[in-house]
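Beneath this line is the structure, given in structure tokens, with notes to follow.
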Amino acid sequence: MTTSRRDALKILVGSAALLPAFRGSAFGRPPEKFVFANNTLYDTLDPHTLFDASRAAVRFNLYDGLYRCVDNPPRLIPWLAESHAVSADGKAYTFTLRRDATFHDGSPVTSLDVVYSIERIIALKKGPASLYLGAIKPGTTEAPDPHTVVFNLASPSAIFLVTVPDILVVNSALVKGHEVDGDWGEAWLARNEAGSGSYALDRYDPAVGWTAHRFAEHFAGWAGDPIEELECRTVLETNTRVLGLIRGDLQGAEGSMPFDQIRRLRQSKDVQIIEQESMRVFLLALNHSKPPLNDVHFRRALAYSFDYDGFIGSIMGGSVSRNPGPIPNTMWGTPPGLKGYRFDLDKAREELKQVKQPLRTLTINALAGFSDSEQAAILFQNTLRQIGIEAEVEVSPWSVVANRLSSADTRADIVPLFRSTFYVDPNNWVGEGFGTRYHGQRSLSYYSNPEFDKLLDRALVSDSQPERQTLYEKMVQIVSDDAAGIFVYNTRWYGPYSSKVSGIRFSPVSNGQDFRWASMKG
């Protein structure tokens, strides 16, 4: 069933009766609670099926990984693991676990929990699974003792270590106790949690969001005035998020807002805007599996039909920078001088004349609550009409769009979306976005090019940084020449928070939603 933006809003309004009684404000917030407004539905809490930046708060606050990515530029720090060693052949990674980490039920975190977690990720084939499928075969990860875990890779991997933080560790005994018919506890973990993270779940409603309390026994300890109670709530409407921040009903919000709303928030003495360079590329993803998008001339016509300067200058208010390729400007891997495409309807018409397949009405699926996506869809619909191409725009919550992306048959022709940072390597953007091996939800296009795939295969096993840079630069050039996607800009992060909040530790990987470092004074 298709869920429209209006339907989603009705769900949220209709679920108001499930919330606690209002106390002192429209959001019913006790003074000590930190309420974060998100523009995406929390339709699951499972850390092994949930894998996007919009709902990063689930992964970074309820769960822990062996290592953690923090700060900007992002860097890895030891977390559940104290250290690691790599074998001479580059295939065995041995991690030594810390001995003072416990799950929320008080049981210790052991190597058996790590083994179960990676086996579960691979078996479910969702969320971060594409990072490990093929690289780690089922049954090959070992736990020689309670505090040592060994990942035995099928072949050397250039990216395994930087993806280790995405192996979030679940309480294996707890999850196994809720398995039904071999489902790895997926039905139960979608609505509950089994983590060791800085916060422990109190309540969850998929139509509203979730609340959690500070896990005082967390191994990392606490400092300052940490957030005692955390609520992550779905608020799709931008104006509602803005008003909630100004009135003090919200203490933080996802920063994907029109820049005029950021200016509006800056006028409030009770709101602060934390500004950082990000690594989140905004693009229009094209579904190559559906004609005529499998024709390079048609895709080039599309690429010449987007008004990049108009969108960045007028709609985004110049708050972002043009990014002509799939990799953020702040990351290595883009060939020097890459020009990308420009807005040129005459060029678009020339390319369109070379298309042999019949034209049809295209579908554009924009993300509800993400003004960039919604406005890009409308802008593109209008410019496409000028070259004789009709398009229908549908606006859907991210959870709905994400489910559609997993299949070439269900995803729209064009999806204006963000490619976020899940790990810091060019493969996060160009490899996963356009490699045949990643077809599925992680793919940006269902693009397939044997030359590209050959370069990617080599880049994933090479231990030479100069060689990898050359390989990814070649891949980016191929993607650009083939107009495999329409690349618009690299995001600048504008994080809106209450002026009472301090210690927000932004990283492009956690998207400003790693709240264990934050403090809040009444």
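The values are calculated or read from the model by the stated rules, or taken from the named source; none is laboratory data. Bear in mind that the values here come from a model prediction, so they are computed numbers and not experimental data. Cβ atoms come from the backbone with ideal geometry, glycine included; neighbour counts cover every protein chain shown. The area values use the complete protein model at the heavy-atom level, side chains included, leaving out ligands, DNA and RNA. Shrake-Rupley method; radii C 1.70, N 1.55, O 1.52, S 1.80 Å.
Here are a few things to note about the model shown:
- Output for segment 346-389, where each listed residue is within 22 Å of Asn323 (Cβ to Cβ), among the aliphatic types (A, V, I, L, M) and part of a helix (DSSP H, G or I): Ala348, Ala376, Ala377, Ile378, Leu379, Leu384
- Residue check, Ser83 open to solvent by 20 Å² or more (accessible area, probe 1.4 Å), farther than 17 Å from Val115 by Cβ and touching a residue at least 12 places away in the same chain (Cβ under 8 Å): yes
- The single residue among Ala129, Ala143, Ala135 that is open to solvent by less than 30 Å² (accessible area, probe 1.4 Å) and touching a helix residue (DSSP H, G or I) at 6+ places or on another chain (Cβ under 6 Å) turns out to be Ala129.
- Unmet criterion (only one of (1) in contact with a Gly (Cβ under 7 Å, 6 or more places away or on another chain); (2) of a type in the set (Ser, Thr, Tyr); (3) surrounded by fewer than 23 Cβ atoms within 10 Å (Cβ to Cβ); (4) outside any helix (DSSP H, G or I)) for Ser448: (1)
- In this structure, Val175 qualifies as surrounded by 21 or more Cβ atoms within 10 Å (Cβ to Cβ), in contact (Cβ under 8 Å) with a residue 40 or more places away in the chain and either closer than 23 Å to Leu80 by Cα or of a type in the set (Phe, Trp, Tyr) (or both).
- Residue within segment 69-78 that is closer than 18 Å to Val170 by Cβ and of a type in the set (A, V, I, L, M) present: no
- Single residue of segment 179-221 satisfying the filter (of a type in the set (S, T, N, Q) and not in a strand (DSSP E or B)) that is most open to solvent (accessible area, probe 1.4 Å): Asn192
- Filtered by the rule that a residue be assigned to a helix (DSSP H, G or I) and touching a residue at least 24 places away in the same chain (Cβ under 8 Å), segment 393-415 gives Trp398, Ser399, Val400, Val401, Ala402, Arg404, Leu405.
- Verdict on Ser305 being closer than 28 Å to Phe434 by Cα and touching a strand residue (DSSP E or B) at 6+ places or on another chain (Cβ under 8 Å): no
- Pair list, Cβ < 9 Å and 6+ apart or interchain, from segment 336-351 residues that are within 14 Å of Ile486 (Cβ to Cβ) to residues that are open to solvent by 70 Å² or more (accessible area, probe 1.4 Å) and assigned to a loop (DSSP other than H, G, I, E, B): Ala348/Gln386
- In segment 416-439, the residues that are within 16 Å of Thr163 (Cβ to Cβ) and in a loop (DSSP other than H, G, I, E, B): Ser420, Thr421, Phe422, Tyr423, Val424, Asp425, Trp429, Gly435
- Output for segment 52-78, where each listed residue is surrounded by 24 or more Cβ atoms within 10 Å (Cβ to Cβ), closer than 15 Å to Arg505 by Cβ and touching a Phe, Trp or Tyr at 6+ places or on another chain (Cβ under 7 Å): Ala57, Asn61
- Those residues of segment 252-274 which are under 25 Å from the mean Cα position of the chain (by Cα), under 17 Å from Ala518 (Cβ atoms) and open to solvent by 10 Å² or more (accessible area, probe 1.4 Å), in sequence order: Gly255, Gln272, Ile273, Ile274
- Residues (in a loop (DSSP other than H, G, I, E, B) and farther than 29 Å from Gly431 by Cβ) located in segment 308-327: Gly317, Gly318
- Criterion violated by Ala301 - all others in (1) assigned to a helix (DSSP H, G or I); (2) open to solvent by 10 Å² or more (accessible area, probe 1.4 Å); (3) of a type outside the set (Ser, Thr, Tyr) satisfied: (2)
- Residue within segment 86-105 that is basic (Lys, Arg), closer than 29 Å to Gly221 by Cβ and surrounded by fewer than 16 Cβ atoms within 10 Å (Cβ to Cβ) present: yes
- Matching residues, segment 222-247, being buried (at least 19 other Cβ atoms within 10 Å of the Cβ) and assigned to a loop (DSSP other than H, G, I, E, B): Ile227, Val235, Leu236
- Qualifying residue in segment 474-495 (condition: open to solvent by less than 40 Å² (accessible area, probe 1.4 Å) and over 30 Å from Arg342 (Cβ atoms)): yes
- Screening Ser507 with (1) over 30 Å from Thr234 (Cβ atoms); (2) in a loop (DSSP other than H, G, I, E, B) gives one miss only, at (1).
- Scanning segment 106-117 for residues that are touching a strand residue (DSSP E or B) at 6+ places or on another chain (Cβ under 9 Å) and either surrounded by fewer than 21 Cβ atoms within 10 Å (Cβ to Cβ) or over 14 Å from Leu80 (Cβ atoms) (or both) yields Pro108, Leu112, Val115.
- Lone qualifier among Ala377, Ala391, Ala368 - being out of contact with any Leu (no Cβ under 7 Å at 6 or more places or on another chain), buried (at least 17 other Cβ atoms within 10 Å of the Cβ) and either closer than 19 Å to Asp309 by Cβ or not acidic (Asp, Glu) (or both): Ala377
- Filtered residue count, segment 278-298, keeping only those that are of a type in the set (S, T, N, Q) and surrounded by 19 or more Cβ atoms within 10 Å (Cβ to Cβ): 2
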